[in-house]
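Novice: Structure in C-alpha cells, see below.
The values are calculated or read from the model by the stated rules, or taken from the named source; none is laboratory data. Note that this is a predicted model, so its numbers are computed, not measured. So basically every Cβ, Gly included, is an ideal-geometry build from the backbone, and we count neighbours across all protein chains shown.
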Amino acid sequence: MYDTLFQPVTINHTVLKNRVVMAPMSTNLGKGGGGVSEDQINYYTEKARNEVGLIITEAMSVHPTGAHRVRKMSLMKDDYIPELRRLTDSVHRFGTAIIAQINHQGRTVTFMPDGYSAMAPSPIASRKTGIVPREMTQEDIQELLSAFAKAAMRAEQAGFDGVEVHGGHGYLITQFLSKRWNKRDDKYGGSLDNRMRFPLELVDVIRASVSSDFIVSYRIESNEYAENGVTLSESCKLAELLQEHGVNVINVVGGNNEVPEEQFKSIATMYTPDCYFVEAAEEIKKHVTVPVMVAGKIRTPEEAEDIINGGNVDLILLGRTLVADPEWAVKTKEGRAQDIHRCVSCNAGCISKINEQQSISCVQNTLLGTCVSHLKHAEKSLNIAVVGAGITGLEFSLRAAQRGHKVTVWDKSPVPGGQVLLAAASPDKGVFKELINWRYKECKENGVAFYFNTPFDVHQDLSKYDKIVVATGASPIRLQIKGNKQTIDAWDVFDGSSSYGGWKKAVIVGAGATGLELAHLLGHHGIETIIVEMTENVGANVVPTVRAALLNELRRYSVDIRTKAPIVSYNDGVVICGSDGSTTTIENVDAVITAVGVRQNKSLVDELTEINYDAENIICLGDANGRGDILVDSASAFEAALAL
Ligand SMILES: Cc1cc2nc3c(=O)[nH]c(=O)nc-3n(C[C@H](O)[C@H](O)[C@H](O)COP(=O)(O)O)c2cc1C
Ligand code: SF4
C-alpha cells in the first residue's frame, strides 16, 4: 500500500528514504534573537521520528533587514552553528534529511533590530506595514548576495543536508522577479532576463560557497495570481535556468503572503480544492530534469500517492497536514490511514498565530510539539462527568481519559459534534466533521462512556463525581423583527429544520461568520442573497485568510452585502432596512434569516449552584464559558484536562 510514496529518491547525492517532505513553516517557537529552542528541536524531531523523509525548516534570516519575526531561527551569525548542529543531529538520528530554508522579506518585513530600515528592489509601500522601503543600491545587492552565501556556508557547517532559497510568496526574491514590485531601470529590472538576474546570481554565489554534494533547493513562485505578477510561463523559464545554475530540486508554490486578501491563495482555506499547485508543478517539471516537489493541501495518502504516480512530480510536501498530525507518514506507511487527524484548512491556529507573532498552534493538534505518551498520568484518578459532546467536551474528555481519569459524557443530541456539525453543513466545510470524528473515536478507545439523547440529571447522586464539566455550548440569539412575517434563524437552516427549497430571494441579517457562511450556502443553491448588517463590520469574527477566501466565494455568487443597514421591518415579502441615514426597500423576499450571534448555555451551572453543588468542582468550558472560537476552546479544554 502506498508503495510509490515510500520509494527512495535521490536529490543531488543525498538518498531520501521516501518522498514525504515536511514543508517549510514558521513556528515562532525559537528562543528569541535567532537561537534554536528545545521546543523547536522537539517539534522537528517529532516529524523525523514519524517517518518524514526530508524536513525543510522554517524560513531563517540571513540579514538583519530581512528578519521578520522575533522568535525565528537565524543563520546570520556563526554563534548559532552549535545549536543548529543539535537540531540536525537530532533529526539525522532517524534517517531523515534536513534542509535549511533561507529568506529575506524585502518590502514586507515586519520586524528589524534597531538601526536598520526596510529595503526592496523598488520603493513601493508595504501593504502590511505601510512603510516605504528604500530602493536597494548595487552595494545593497552585493551585501545581500554575500549574506545568503555566508548563511549557506553556516548551514553546511551546522550539518544541514542543503539549503532552500525561498523564491516564493512575494518575499524579496519574488519582488525582484515580479513586474508588480520591480520597477528598476538598471540591469535588475525591466526584461524577464533582468528580473531573473538576482535569483540566478544568488544561486551562483551559494553554489560557489558550499560543497558539490550539498543540496541547493529553490522554492519557486509558480504564479502570483495578480495583475503584473509572476506568471507560470516566467517561472518555467526561471526553473530551466535555475537548473543550469546548479539548483538540485525545485519546490513549487504560488501566491503572495503580504496580506490575507492574497495569502489565502498560498496557504489555502477550505474553499480551495486539494492539491491546488500540482498542475503548475507538472508544467514546471516539463522544463527541468531535477526532482520537483509540490505543496498545497495534500491531505490524504491517496492524494499523495496519485501525485507521485502521475509521474511528473517527484516528492510531496506536507505543511499543515503535518501540523495537524505529525504521525501522518508513519500511519500511512503502517496502513493506519483511517487514524490520521486531517487538517481542516481552517487557518485558525497555524498561519493566523504566526501572522499575529504568536507560536504555532492547531485546532486538530492541541499536543503540538509533544506526543500523547508525554501526557503525564494524573496522581489520582478522578471520576468526571462531562456535559456536552462538542469539540470542547470531546477534547477535554480525551485528554482527561488519556491521563487516567474516569470520564462519562452526556449530550441531549443523538450524536456528538454540537455546533461543529452546523459549521460542517455549509459548502466546502464538510471536512469540519474531522474535528469531531477522531476525537470521538479516540475517546471511546480510551474508555470514555457516552450517553446520547440524554440530558444531564442534576438530581442524581452527584457525590460520586469529583468534577462536573459544563461544555454545553451556546444557542442562537433569536431576533424579533417588526412586521407580520416570521423570521428564521440561521441554525435552523444549517440543521435542516427549515428548508430553503422554494426560495428565490433571501435576506440575511448579520454579516458575522454565520451570516456569511449561510450566504455561501444559499448562493451555492442559486438563491439571490442580500446580507444586511447594522455595523460597518463584515466577517469580523472570521480568521483573516478565511474571510478573504469566503468573500471571494460570495462575490462569485453575487451576494449583495450592505453595511450600516439595520433591518427595520419584514412584512409580506418586503424588507425595509436602513441605508445612509434613510431607509431602503427590498422586495419579493421569500425568507429573512437572522444570524446575529449566540448566548452561552450556562443554565446547568445555575442549576448546580441552586442545589449547592460545590462551585470549585464545576469547570465551565468553551462557548458555555463565553469563548466561541474553536482554537481557544480546544486549547482551553486541553489545558483544563492537564490541570487535573
Ligand atoms: C504556519 C505556517 C507557516 C509557514 N511558513 C513558511 C515559511 O517559513 N516558508 C515557506 O516557504 N512557506 C511557509 N509556509 C507555507 C507552507 O510551506 C506551504 O507551502 C503552505 O502551507 C501550503 O501547504 P499546506 O496546504 O500543506 O499547508 C507556511 C505555512 C504555514 C501554515
Ligand atoms: S489550525 Fe486548522 S489549518 Fe492550521 S494546521 Fe490545524 S487544522 Fe490545519
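Novice: Which members of the stretch 180-206 meet the condition of being of a type in the set (Lys, Arg) and touching a helix residue (DSSP H, G or I) at 6+ places or on another chain (Cβ under 6 Å)? So that I can check it myself, show each step before the final result.
Specialist: Of the stretch 180-206, the ones of a type in the set (Lys, Arg) are 180, 183-184, 187, 195, 197.
Hits for the stretch 180-206 are Lys187, Arg195.
Novice: Output the qualifying pairs, or none if there are none: Cβ atoms under 8 angstrom, residues six or more apart or on different chains, first residue in the stretch 612-624 and touching a residue at least 12 places away in the same chain (Cβ under 8 Å), second residue among the charged types (D, E, K, R) and assigned to a helix (DSSP H, G or I).
Specialist: Pairs found: Leu621/Asp633; Gly622/Asp633; Asp623/Asp633.
Novice: Would you mind finding the one in Val216, Val230 that is touching a residue at least 24 places away in the same chain (Cβ under 8 Å), in a strand (DSSP E or B) and assigned by TED's automatic domain parsing to the domain that holds Ala151? Even if it seems obvious, please write down each step before you answer.
Specialist: Values: Val230 fails: in a strand (DSSP E or B).
Step by step, each of Val216, Val230 is checked, and only Val216 is touching a residue at least 24 places away in the same chain (Cβ under 8 Å), in a strand (DSSP E or B) and assigned by TED's automatic domain parsing to the domain that holds Ala151.
Novice: Mind checking whether some residue in the stretch 99-108 is touching a residue at least 12 places away in the same chain (Cβ under 8 Å), under 31 Å from the mean Cα position of the chain (by Cα) and away from ligand 1 (no atom under 16 Å from the Cβ)? Reasoning before the result, please.
Specialist: As a first pass, look at the stretch 99-108 and keep what is touching a residue at least 12 places away in the same chain (Cβ under 8 Å): 99-108.
Subsequent filtering for residues that are under 31 Å from the mean Cα position of the chain (by Cα) retains 99-108.
From what's left, away from ligand 1 (no atom under 16 Å from the Cβ): 107.
Yes: one or more hits.
Novice: Among the residues of the stretch 143-152, are any acidic (Asp, Glu), assigned by TED's automatic domain parsing to the domain that holds Asn28, surrounded by 17 or more Cβ atoms within 10 Å (Cβ to Cβ) and in contact (Cβ under 8 Å) with a residue 40 or more places away in the chain? Quick ask: steps written out before the conclusion?
Specialist: Looking only at the stretch 143-152, we keep the residues that are acidic (Asp, Glu), and these are 143.
Subsequent filtering for residues that are assigned by TED's automatic domain parsing to the domain that holds Asn28 retains 143.
Subset that is surrounded by 17 or more Cβ atoms within 10 Å (Cβ to Cβ): none.
Within the stretch 143-152, none of the residues are acidic (Asp, Glu), assigned by TED's automatic domain parsing to the domain that holds Asn28, surrounded by 17 or more Cβ atoms within 10 Å (Cβ to Cβ) and in contact (Cβ under 8 Å) with a residue 40 or more places away in the chain.
So that you can scan it fast, the table gives a plain yes or no per residue for (1) at pLDDT below 95; (2) in contact with a strand residue (DSSP E or B) (Cβ under 8 Å, 6 or more places away or on another chain):
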site: Thr88; (1), (2): no, yes
site: Gly95; (1), (2): no, no
site: Gln101; (1), (2): no, yes
site: Pro113; (1), (2): yes, no
site: Ile131; (1), (2): yes, no
site: Ile141; (1), (2): no, no
site: Ala147; (1), (2): no, no
site: Ala155; (1), (2): no, yes
site: Asp161; (1), (2): no, yes
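The rows are residues; the columns are (1) assigned to a helix (DSSP H, G or I); (2) at pLDDT below 95.
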| site | (1), (2) |
| --- | --- |
| Phe432 | yes, no |
| Leu435 | yes, no |
| Lys444 | yes, no |
| Gly447 | no, no |
| Phe450 | no, no |
| Val469 | no, no |
| Thr472 | no, no |
| Leu479 | no, yes |
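Novice: Can you tell me which of Val458, Val431, Val469 is crowded, with 21+ Cβ neighbours inside 10 Å, β-branched (Val, Ile, Thr) and touching a residue at least 60 places away in the same chain (Cβ under 8 Å)? Give the steps one after another, and end with the answer.
Specialist: On the way: Val458 fails: crowded, with 21+ Cβ neighbours inside 10 Å; Val431 fails: crowded, with 21+ Cβ neighbours inside 10 Å.
That would be Val469, the only listed residue that is crowded, with 21+ Cβ neighbours inside 10 Å, β-branched (Val, Ile, Thr) and touching a residue at least 60 places away in the same chain (Cβ under 8 Å).
Novice: Evaluate the following for Gly502: is it over 34 Å from the mean Cα position of the chain (by Cα), over 27 Å from Gly417 (Cα atoms) and surrounded by 15 or more Cβ atoms within 10 Å (Cβ to Cβ)? Full working, then the answer.
Specialist: Working: over 34 Å from the mean Cα position of the chain (by Cα): yes; over 27 Å from Gly417 (Cα atoms): yes; surrounded by 15 or more Cβ atoms within 10 Å (Cβ to Cβ): no.
No, not satisfied.
Residue-wise test of (1) at negative phi; (2) of a type outside the set (Ser, Thr, Tyr); (3) touching a helix residue (DSSP H, G or I) at 6+ places or on another chain (Cβ under 7 Å).
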{"site": "Gly539", "(1), (2), (3)": "no, yes, yes"}
{"site": "Val542", "(1), (2), (3)": "yes, yes, yes"}
{"site": "Ala548", "(1), (2), (3)": "yes, yes, yes"}
{"site": "Leu554", "(1), (2), (3)": "yes, yes, yes"}
{"site": "Asp560", "(1), (2), (3)": "yes, yes, no"}
{"site": "Thr563", "(1), (2), (3)": "yes, no, no"}
{"site": "Ser569", "(1), (2), (3)": "yes, no, no"}
{"site": "Gly573", "(1), (2), (3)": "no, yes, no"}
{"site": "Ile576", "(1), (2), (3)": "yes, yes, no"}
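Novice: Please go through (1) among the small types (Gly, Ala, Ser); (2) within 16 Å of ligand 2 (Cβ to nearest atom); (3) modelled with pLDDT of 95 or more for Ser359 and return the number of the only condition it doesn't satisfy.
Specialist: Condition not satisfied by Ser359: (3).
Novice: Shifting gears a bit: If I go through the stretch 307-334 residue by residue, how many of them are touching a Phe, Trp or Tyr at 6+ places or on another chain (Cβ under 8 Å) and either more than 18 Å from Arg49 (Cα to Cα) or of a type in the set (A, V, I, L, M, F, W, C) (or both)? Reasoning before the result, please.
Specialist: Going residue by residue through the stretch 307-334, those that are touching a Phe, Trp or Tyr at 6+ places or on another chain (Cβ under 8 Å) are 318, 321-322, 332-333.
Filter once more, so that each one left must be either more than 18 Å from Arg49 (Cα to Cα) or of a type in the set (A, V, I, L, M, F, W, C) (or both): 318, 322.
Of the residues in that region, 2 qualify.
Novice: Hey, among the residues in the stretch 244-277 that are in a helix (DSSP H, G or I) and away from ligand 1 (no atom under 12 Å from the Cβ), which one's farthest from Ile354 (Cα to Cα)? Full working, then the answer.
Specialist: Here is the first cut: in the stretch 244-277, the ones in a helix (DSSP H, G or I) are 244, 260-266.
Still in the running and away from ligand 1 (no atom under 12 Å from the Cβ): 244, 260-262.
Details: Glu244: 35, Pro260: 12, Glu261: 16, Glu262: 16 Å.
For the stretch 244-277, the residue satisfying everything is Glu244.
Novice: Wholly within the stretch 580-625, which strands (runs of 3 or more DSSP E) include no fewer than the required count, namely at least 3 residues that are surrounded by fewer than 15 Cβ atoms within 10 Å (Cβ to Cβ)? Spell out the reasoning first.
Specialist: Working: elements: 582-586, 591-594, 598-600, 618-620.
By residue number, 582-586.
Novice: What number of residues within the stretch 291-312 are free of Cβ contacts under 8 Å to residues at least 40 places away in the same chain, among the aliphatic types (A, V, I, L, M) and more than 11 Å from ligand 1 (Cβ to nearest atom)?
Specialist: Residues of the stretch 291-312 that are free of Cβ contacts under 8 Å to residues at least 40 places away in the same chain, as a first pass: 298, 302-303, 306-307, 310-312.
Imposing the further condition that a residue be among the aliphatic types (A, V, I, L, M) reduces the set to 298, 307.
Within this subset, residues satisfying the condition of being more than 11 Å from ligand 1 (Cβ to nearest atom) are 307.
Here the count works out to 1.
Novice: Please go through the stretch 498-519 and pick out each residue that is closer than 16 Å to Leu554 by Cβ and aromatic (Phe, Trp, Tyr).
Specialist: Correct list: empty.
Novice: Could you list all residues from the stretch 522-552 that are more than 22 Å from the chain's Cα centre (by Cα), crowded, with 20+ Cβ neighbours inside 10 Å and in a helix (DSSP H, G or I)?
Specialist: Once the filter is applied, which keeps residues that are more than 22 Å from the chain's Cα centre (by Cα), crowded, with 20+ Cβ neighbours inside 10 Å and in a helix (DSSP H, G or I), the stretch 522-552 yields Leu522, Gly523.
Novice: Given the criterion within 11 Å of ligand 2 (Cβ to nearest atom) and surrounded by fewer than 23 Cβ atoms within 10 Å (Cβ to Cβ), identify the matching residue among Gly349, Gly319, Gly311.
Specialist: Gly319
Novice: So, one more: Kindly indicate whether any position in the stretch 257-276 is within 14 Å of ligand 2 (Cβ to nearest atom) and either within 29 Å of Asp213 (Cβ to Cβ) or among the charged types (D, E, K, R) (or both).
Specialist: yes
Novice: Then there is this: Looking at (1) free of Cβ contacts under 8 Å to residues at least 12 places away in the same chain; (2) not in a loop (DSSP other than H, G, I, E, B), which is the one condition that is false for Gly190?
Specialist: Unmet condition: (2).
Novice: Let me ask another. In the stretch 26-38, is there at least one residue being in contact (Cβ under 8 Å) with a residue 12 or more places away in the chain, away from ligand 2 (no atom under 16 Å from the Cβ) and assigned to a strand (DSSP E or B)?
Specialist: no
Novice: Checking His166 against (1) at pLDDT 95 or above; (2) farther than 30 Å from Asp213 by Cβ: exactly one of these is not met. Which one?
Specialist: Here His166 clears every test but (2).
Novice: Right, Ser426: small (Gly, Ala, Ser), buried (at least 21 other Cβ atoms within 10 Å of the Cβ) and not in a loop (DSSP other than H, G, I, E, B) or not? Walk me through it before giving the result.
Specialist: Values: small (Gly, Ala, Ser): yes; buried (at least 21 other Cβ atoms within 10 Å of the Cβ): yes; not in a loop (DSSP other than H, G, I, E, B): no.
So Ser426 does not fit the description; no.
Novice: Answer yes or no as to whether Val448 is within 26 Å of Val546 (Cβ to Cβ), outside the structural domain of Lys331 (by TED's automatic domain parsing), hydrophobic (A, V, I, L, M, F, W, C) and crowded, with 18+ Cβ neighbours inside 10 Å. Reasoning before the result, please.
Specialist: Working: within 26 Å of Val546 (Cβ to Cβ): no; outside the structural domain of Lys331 (by TED's automatic domain parsing): yes; hydrophobic (A, V, I, L, M, F, W, C): yes; crowded, with 18+ Cβ neighbours inside 10 Å: yes.
Considered against the rule, which asks whether it is within 26 Å of Val546 (Cβ to Cβ), outside the structural domain of Lys331 (by TED's automatic domain parsing), hydrophobic (A, V, I, L, M, F, W, C) and crowded, with 18+ Cβ neighbours inside 10 Å, Val448 comes out as no.
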